[in-house]
Structures are given as C-alpha cells and as structure tokens.
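Enquirer: Encoded as structure tokens, here's the structure I'll be asking about.
The values are calculated or read from the model by the stated rules, or taken from the named source; none is laboratory data. Since we're looking at a predicted model, the values are computed, not measured. With ideal geometry, Cβ positions are generated from the backbone for all residues, glycine too; neighbour counts draw on all protein chains shown.
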Amino acid sequence: MGGACGTSKKKNVSAESNTSTESLKSLSHSLAITGRYHRPPKKLEEDYSVTSTVLGTGYNGSVFQAKGKKDRPGTYAVKGFCLQGIEANKKADLRREVEIFLAMDHPHVARLVDVYEDATQLYLVMECMEGGELFERVQKLKTFSEKDAAHAVWQMLLAVNYLHRHDVVHRDLKLENFLFERQDNDHLKLIDFGFSKVYEADTKMELSCGTLAYVAPEVLFQSYTSQCDLWSMGVIAFILLLGYMPFSGTDEKQKNLIMQGQYKKKQPHWDRISSLSRSFISALMEVDPLKRLTAEQALKHPWIAKRDQSGHRYVTPIGEIEKDPNHAISVLNVDEMTVGALCAFAQASRFRRACMSLMAWSLTPQERSQVRDAFIELDTHREGTISLEELRRVLMEKFELDPHRSEQVVESLAVTNRDCIHYSEFLAAMVSTRISLNENHFAATFRRFDTENKGFLTNKDFSLVLGDSFSNEEINQVVEAMEANASGEIAYDQFVKYLKGDGHLDFEDALTDDQAQDAEGSQGVAERKRTLLKSATDGLADKNGDDLARIISSVQPGGGLSEKDRLLSKQSSDAKSRGCSLQ
C-alpha cells in the first residue's frame, strides 16, 4: 500500500500466512479498532469528500486528498482497494495490512483514522502527512546536519522499537516511508504496512520483499528476523549523513555488495562525519544480524543518546534512566498537569474511559502535538506504552505522592489497562485538561458508536463496539443511567450529558490560579501543585468521585447527570474486536 501521502515501489510480492486481529490485541484495545471500522449503511462519502488531488502513488495505486465533513474537520489521505474479483492470497495480504495498521497507536506512526468496507470497495482514511516525505527533504538538502540526522533517526527508532516490542516487523523501511507531519515541523511518522507481518520469536521469515537498496543481506538469503529492519535503519542513517546511496550498480551487483556488507565509504565524505556516527552506521549495517544492534540498543548508542536536543523538548535518554533510575525518574520532563490528568482519568468509570479513548481517535494532529512528547517521556522503556509500574514510581519519586495513593491510581488503571497505558488512552486522559474539547469531539464519538447510522444509540450499538470488555448487565446499567426512552433509544444530547457528568473542574482551574499568583513564589506554587495532585486522587479512596466527568463538564455550561463510579472495580476481560476483518 502507498503511504499516507507517500510513494512506494515494491518488489517480490507473494502471499504469506494470515495475521489474525486477535494476535494484535496487545497493540491496541479492540474498542479503538471496531469504532473505526465501518460497514453499510455507513459510507465514506458521508464523512469525507475525496478530491482529485493525488498525494502519492504506490504499488497498489494512488492516495487521494480528502476533506473531512461534519465532525471530522481537516485534511486526510484516502486509499481505495477494489474487492471484486480479488484473488484469495491478495485479499489475505490486504487483510493483514489493514489489521496491522488499525492496531498501530504511537506518536511516530501515521494514524489510520477510519476504514470503510462494502461489497466492492475498501477505503482507508489516514491522517494526511502534509510535510511530505523524508526522501524529498534529503533530495532538497542533499545531506542533513548531524544534529538533524540524529533527531530524525531517534524518532524512527522509537517507531521501530514499538513495532518490534509488539512482535511486528515492517520489512520496507526507507526514506520514502517516513513522512513529516507538517512543512513547518520535523515530526516524523512511519507509513505503509503492506509488507508488515506479526512474527513469532525465534522463527525465521522467508519472503524476499522490500526495496533492494534498503534490504538486509539475510533477506536476500530468505532467512531472517525482525533485525532486517535495523539494517534498513542503518542505510537510512547512511544516506542522511553522507548524501549518497551505500550501494549502486545493477541489481545483481547491489545484491552481491549487500550480502558482503561492502558499502561505499567515499572520501572525504566518510571522514567528515563524526566517529560516533560512523560507529552507529557500522553497528547497524552489520552483515551478521546477531551482532547488529537491536532497536533498543540503537536508542542507547551514544550518537543517539548524546544527541544535541536544543530546539526540541528535552527527552531523557533511555540509557540515562537505566543507569540511575531513581534520579532520572525524579527529574523527568513531565509536569503536574499531565500526571494530574492521569490521576483524574483513573477515577473515571470504565465506560467513560472507553468513550474518551474512542474520542482520542478524533483528535487533530495539532491537538495531539500538545501532549505527545510527555507520553514519550513517561514511556521510560521507549516501547510505545506507559508501564503502570513506572507511572507508580513517577507519582512517588517525582511528585511525592504517598505509596498508598500511588498504588490506588495504578490499581484503578489496571482494571482496564492491565499493565500499561496505550497512546490513545493517554490522549484520552489529557482531553480537556491539556487538550481543549469541542462539540466535534462529542459528535464524532457518538457517530462511532452509531454503527447503523440511525441517529440514536441502543444496547446493541454499545455491545457491538465495546465487544466482550463489558457485560450485558454493565451496558444495561449505563443505558439506564443515560435515561434512554421507552424504546431503549439514547439521543445525542443524552449521550453528551452522560459523558459530561456534573460538578466543576477543580484540578485545572486550581493550577491556572496558581500560575497567576506570582506572589507566592515558585516554591509555594510547587508545593500547592503537589497538594492539588494529591487531592486529584482523593476520589479513589471511596470510588464515589469521577473527576473526568467534572473535567468534561467544563466544556459547555449546563448541568449533568450524577453517577457513582459503580463499574470501576469490575475486572475487564480481554476485548475481542468485532467487525474488523474482511469477510
């Protein structure tokens, strides 16, 4: 598949064993998947206007620009696939690609916003990466400065480490498959999962695929692991730093050079780059995959770990955290507002949390950009999720929250999050405290539950989208709390009223007051913020509070429905996604 706005030329395509969505459940909750996969009567044209502007052309066709309608403002990228007469193996490849892409949830991976399927067509709606390909910037600049190259490679490695830690191999990493979010920033995201595969540890893959200039030696020998992606990262770093391709000549000549690891060290280009960058390239473009750096090891390499971060929000190097974890955690670049929002999120009912997580997929790139660096900083292992154990340590060691309250936050989040917080769940926690809510967010969430486009919701809609993560009894209780009519129908206004709850925003307003009271001095403000953070966890003691409801209620004036957090203590079963596979 062509990328969100990029081009992609592929070679050696053949079918492999299918990937089930169930095997991807560790990457993203099924709610996020089913809420974005639409079948009739939902139609693409109801939500998006597809233009004739071609954003990119790849192996499977073109990607077109689209404009969002109603509650989906902004510009998107749409890719269409014809399902009529498609061969079984190609349909299997398409299924695998869509399932993997749907499960991706990381700041440096392009987001698949919606999928629409009918009897003849399948459409993928992706965020539009308006900044263009990394390849195009390289062509324009010829080479990157070491500072810019290291920052770019660090972002790419975060994406690769996320994939590998969740048993996904990309198999077509190249400059063209990393795109910039906007023309005026340098935020990179990975696209194109056409060759991606969920793999089993200690199992070798055999399909020869990808783009020759970036392909690893072991891929040519048709016996490889996820380490093939790290060779490709070495090629990317090589091009960014040196401005030319490491291998040239006919395809046969390039294959021989790749298998021997004989890349060109042109003078004076090679000697001009730093010894650390040369060491980094050599460690990745190592013929033996067992000696080649892993993604995690590459993140710890001095060229990445000690890179110049001036001009960017400082992110603590992973090696520094491991070397002295107590000190590193105590000085993490995370503020009270972010952690306070997570504490408030922990107090919300499971159903509200589920709704807000679904709402997070409707946030714009600009809205997500306000908090994504904080997510990466809290993801101390750089695996693409926030460990609840690490969050507990941050609460105790950086914000001086007592062990009992810290444990309450972690236990409350663990009810639905098991042992980690995914990116979209983090975004959901930030909604209204760090990200301002508007009517579009509520409308988009309502429409994701309204799978049959009826204009109202029923038990059936909630059951379909929520899957097995909520029992029928729990859903009935929620529907009752929403004051459904005699026919069991919930109107939009009732849905929004329920999400907003009642009460007033305490934590955010108090912090704003703090910032205005300069007379207190920085020490007094800091102390008061710690007190407010502790108060943000008070509701966990009796489970009667729902601070998220109070936060949401500040979006628009008006009352709301009072509700006890009666669903919070019930342990969630693993969700099974529904309706997200091609039939």
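Enquirer: Going by the conditions given, is residue 383 outside any loop (DSSP other than H, G, I, E, B) and of a type in the set (D, E, K, R)?
Expert: no
Enquirer: Output the residues belonging to the stretch 201-257 that are assigned to a loop (DSSP other than H, G, I, E, B) and in contact (Cβ under 8 Å) with a residue 60 or more places away in the chain. Don't jump to the end; show me each part of the working.
Expert: Step one: of the stretch 201-257, the residues assigned to a loop (DSSP other than H, G, I, E, B) are 201-204, 206-209, 211, 215-216, 221-223, 225-227, 243-250.
Within the stretch 201-257, 207, 208, 209, 211, 216, 225, 226, 227, 243 meet the criteria.
Enquirer: For the stretch 399-451, what are the residues that are of a type in the set (D, E, K, R), surrounded by 18 or more Cβ atoms within 10 Å (Cβ to Cβ) and either part of a helix (DSSP H, G or I) or touching a residue at least 60 places away in the same chain (Cβ under 8 Å) (or both)?
Expert: Scanning the stretch 399-451 gives 405, 425, 434, 447, 448.
Enquirer: Ok, one more. Has the stretch 170-181 got at least one residue that is free of Cβ contacts under 8 Å to residues at least 40 places away in the same chain and surrounded by fewer than 24 Cβ atoms within 10 Å (Cβ to Cβ)?
Expert: No, the conditions are met nowhere in the stretch 170-181.
Enquirer: Out of all the residues in the stretch 70-86, is one or more β-branched (Val, Ile, Thr), buried (at least 23 other Cβ atoms within 10 Å of the Cβ) and part of a strand (DSSP E or B)?
Expert: Within the stretch 70-86, one or more residues are β-branched (Val, Ile, Thr), buried (at least 23 other Cβ atoms within 10 Å of the Cβ) and part of a strand (DSSP E or B).
Enquirer: Do you know which residues across the stretch 324-375 are touching a residue at least 12 places away in the same chain (Cβ under 8 Å) and of a type in the set (S, T, N, Q)?
Expert: 326, 330, 333, 338, 347, 349, 357, 362, 364, 369, 370
Enquirer: Just need a number here: residues in the stretch 280-292 that are outside any helix (DSSP H, G or I) and surrounded by fewer than 21 Cβ atoms within 10 Å (Cβ to Cβ).
Expert: Qualifying residue count for the region: 6.
Enquirer: Give me the pairs, please: first residue somewhere in the stretch 298-323 and in contact (Cβ under 8 Å) with a residue 60 or more places away in the chain, second residue anywhere and acidic (Asp, Glu), beta-carbon distance under 7 Å, and either six or more positions apart or on two chains.
Expert: Hits for this filter: 313/373; 315/373; 315/377; 316/377.
Enquirer: Here is a further query. Under 9 Å between Cβ atoms, at least 6 apart or on separate chains: pull out the pairs that start in the stretch 47-65 with a residue that is free of Cβ contacts under 8 Å to residues at least 12 places away in the same chain and end on any residue that is of a type in the set (A, V, I, L, M) and surrounded by 18 or more Cβ atoms within 10 Å (Cβ to Cβ).
Expert: What qualifies is 54/63.
Enquirer: Any idea how many residues of the stretch 297-325 are part of a helix (DSSP H, G or I), in contact with a helix residue (DSSP H, G or I) (Cβ under 6 Å, 6 or more places away or on another chain), modelled with pLDDT of 95 or more and not hydrophobic (A, V, I, L, M, F, W, C)?
Expert: Residues flagged as part of a helix (DSSP H, G or I), in contact with a helix residue (DSSP H, G or I) (Cβ under 6 Å, 6 or more places away or on another chain), modelled with pLDDT of 95 or more and not hydrophobic (A, V, I, L, M, F, W, C) within the stretch 297-325 amount to 2.
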